[in-house]
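Chemist: Please read through the structure below; I'll follow up with questions.
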């Protein structure tokens, strides 16, 4: 029984309504956690919420998006907000649901929270779109059966809901009830409310199909009864008609298959392979596009990949060991989308890749399916290291750190001596501007390792630590620069500008900034 067993799976068509009905009928106690993914204006949005039940009553609410954020106290406000949550989740076509029962909690009776049935009925009336109601119902071709007696204290029914319930019958389908009603949209909405409240339910596959009442067997005439009142055996014609009607009755359709259980091992391999492919990939390749992709292609690719790799959408404990790679993937996808969605940024990026000829026309004919440039237009293998570093500096000055990263990641392995130190310093700056602190620190430390007496590396690493709020480390780097050159004016100015004391650690920022910070 769902009320007693933990369950977890994808939000399927009609699945949440049936789950709510099961939980109300079972007077369930525990946490119902829901996650929905929506795409608004091309940007994926994740909504997470939780309803805590005690004996079938809603006693707490947690929501992590928009006006629903925070926990609400029990009472009228809780009923309103819980209904708003369910109204948003019922028509959701992409998300997860999880039920976490609390064993033994049923003994603690809750009296001050609204019934889940009443909250669900209110939520159904807040779903405005008829197509969303149809999705929340699922397959209307299935048969319906009464699932519990109506308790007005738990589920107050409207007149139309009561009328629909009286028409139910044991063999009625959702399609039949909808067609019999004067207004099919109202009937479907009322039917959804009754399912969410646990009053009716879809018949299981094992439930026998309805059949006409059996014809009583012919009885011998009662010798003591008057001739006109003797029992008459059914005629052959009526029996044949009944048999034909029973045969013509359509068989009840099979219920939809259970949602597939996600293969966590396969998903983990997918995440690891996608993460390994990030190194050296350009923005088109990150999104799985060719360089001639349209604006719509870019939006669709981002929505698909962000939905797949959003850390909030993949919270299964089985993926805990690859969470950092998941964060890296989501940040990389967001970075690539940030460049390619803007026409001006995309043109500058394509020019830096050699996708435009000297006249300014696009030269995309020689590109491969993976988005990489083929041919001499995009080949920098023969370009001098000094030239690449100058181009990287120009990209940083033009606020294009992504292009600087592309140039420098190719230049660092081939550079030697002072050029290698300079390349590492520039790469650290570019990573820092892209809010990739772990890579930035690693690159700047590599510059110091290549030349422990590099003043430029000391200054760059000191500024990085200062910007991250690591004041003690920043002070150490500026002092190290003065040890190399006691008259270094920039190091002196940086030391004088540092505060005496400050808490160690980066400041909080946006969701994307915090995810990037998790790489540290």
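Chemist: Subtract the Cα-Cα distance of residue 93 and residue 453 from 0.36 nm times their separation in residues, and report this length gain in nm to one decimal.
Modeler: On the way: separation 360, 0.36 × 360 = 129.60 nm, distance 5.86 nm.
Between residue 93 and residue 453, full extension yields an extra 123.7 nm.
Chemist: Please give the FRET efficiency for residue 342 paired with residue 292, using the beta carbon to beta carbon distance and R0 = 22 Å, rounded to the nearest 0.05.
Modeler: It comes to 0.80.
Chemist: Report the FRET efficiency, 1/(1 + (r/R0)^6), for residue 132 and residue 397, where r is their Cβ-Cβ distance and R0 is 41 Å, rounded to 0.05.
Modeler: On the way: r = 50 Å, r/R0 = 1.23.
Efficiency, rounded to the nearest 0.05: 0.25.
Chemist: Roughly what would the spin-label model give for residue 80 and residue 145, points 7 Å off Cα along C-beta, in nm?
Modeler: Roughly 4.0 nm, to one decimal.
Chemist: Now for a different question. Take each of the peptides 121-130, 134-143, average the number of other beta-carbon atoms within 10 Å over its residues, and list them starting from the highest.
Modeler: On the way: 121-130: 16.7, 134-143: 20.0.
With the highest mean Cβ count within 10 Å placed first, the list reads 134-143, 121-130.
Chemist: Estimate the FRET efficiency between residue 272 and residue 486 by the formula 1/(1 + (r/R0)^6), using the beta-carbon distance for r and 35 Å for R0, to the nearest 0.05. Write out the running numbers ahead of the final one.
Modeler: Values: r = 49 Å, r/R0 = 1.41.
It comes out at approximately 0.10.
Chemist: Something else now. Any chance you could run the full-extension gain for residue 100 through residue 179? It's 0.36 nm times the residue separation minus the Cα-Cα distance, nm to one decimal.
Modeler: On the way: separation 79, 0.36 × 79 = 28.44 nm, distance 3.81 nm.
In short, 24.6 nm is gained.
Chemist: At 7 Å along the Cα-to-beta-carbon direction for both residue 265 and residue 416, put a label point, then send me their distance in nm to one decimal.
Modeler: With each label point 7 Å from Cα toward Cβ, the separation is 4.9 nm.
Chemist: By counting other Cβ atoms within 10 Å of each Cβ, how are 88, 304 ranked from fewest to most? Please report the intermediate quantities before stating the final value.
Modeler: Values: 88 21, 304 15.
Ranked by crowding around the Cβ, least crowded first: 304, 88.
Chemist: Stretch residue 186-residue 13 to full length: gain in nm at 0.36 nm per residue minus the Cα-Cα span?
Modeler: Numbers: separation 173, 0.36 × 173 = 62.28 nm, distance 1.94 nm.
Stretched fully, the residue 186-residue 13 segment lengthens by 60.3 nm.
Chemist: Moving on to the next point. Students often check this: by mean Cβ neighbours within 10 Å, which of 94-104, 438-448 ranks highest, and how do the rest follow? Kindly include the intermediate steps, with their values, before the conclusion.
Modeler: Working: 94-104: 16.3, 438-448: 20.8.
Output ranking for 94-104, 438-448: 438-448, 94-104.
Chemist: Does segment 415-487 come out rounded, prolate or oblate, given a ≥ b ≥ c as the square roots of the eigenvalues of its C-alpha gyration tensor, rounded meaning a/c under 1.5 and, failing that, prolate meaning a/b above b/c?
Modeler: Values: a/c = 2.28, a/b = 1.03, b/c = 2.22.
It comes out oblate by the Cα gyration axes.
FYI, it's all coordinate maths here, none of it is from the lab. On a predicted model such as this, the values are computed, not experimentally measured, just so you know. Ideal geometry is used to build each Cβ from the backbone, glycine not excepted, and the neighbour counts take in all protein chains shown.
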